[in-house]
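Each value in this text was obtained by applying a stated rule to the coordinates, not by laboratory testing. Because the structure is a prediction, the values reported are computed rather than measured. Cβ placement follows ideal geometry from the backbone for every residue including glycine, while neighbour counts extend to all protein chains displayed.
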Amino acid sequence: MAAEYDTTEFIDNDFQMNKAAKFSDIMTQPQRAPSREEVDSKVAEAQQKLAELKRAQEQLERERAALEETRRRQMEFQTGRQEMLQNLTRTVGILEESEFNARRDAEQMAKALADLREALERIQAVQEETWTKDAFDVELTRALTALENARMEWNSARLKFPVLSGEVPQAAVESKTRNTPTALFQSQSFIQLCKMGFAITWPLAVIGLGALALLAAVLFRR
């Protein structure tokens, strides 16, 4: 029967003891104080790292400022775009309606003008001196008919276009009324009127006080 295997046969006890002794000496050996060169080197290294961090911070600050400016411009664009979309949409709608009304009024005015010119030509074409005795009644009836048609055209034009009756358009009246001094004062509040009155009268008050002071000085000298 073979002998049992002994693990201690392959271990060098002397080598293990020497190794443990050397490790113990290293651990118990006091640490050497850093030299001045080492300290200066570490200080320079720290300053270099601080400078790099400062440059990185400045770069980040510039990037942040650029991003904030971009965000502000984007918000300005979005707000302005929405505002202009609303204003332009409303303005286009108003002008389209005004253009349609103006075109319709222009067409009606052109038609009325053509009818009035035709009526004017018909009346101007009536020549009483060319009437004969036999056709007098017929010519007179024709002339009266032309005159009545012209009167109807004229009255119709007056109803459609108030300017023919000497009436001023309401928009012009409102614009003229808004520009009058009375309307200007009526649109101001009591406080605003007081401020306007003070602004107008204070130079006169200053002149009056100056005159009184001068008069008092003359009397005092006497």
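Put in line by how crowded their Cβ is, counting other Cβ atoms within 10 Å and starting with the fewest, 165, 41 read 165, 41.
Summing charges over neighbours of residue 90, with a neighbour being any other residue whose Cβ is under 13 Å away from its Cβ, gives -3 when K and R count +1 and D and E count -1.
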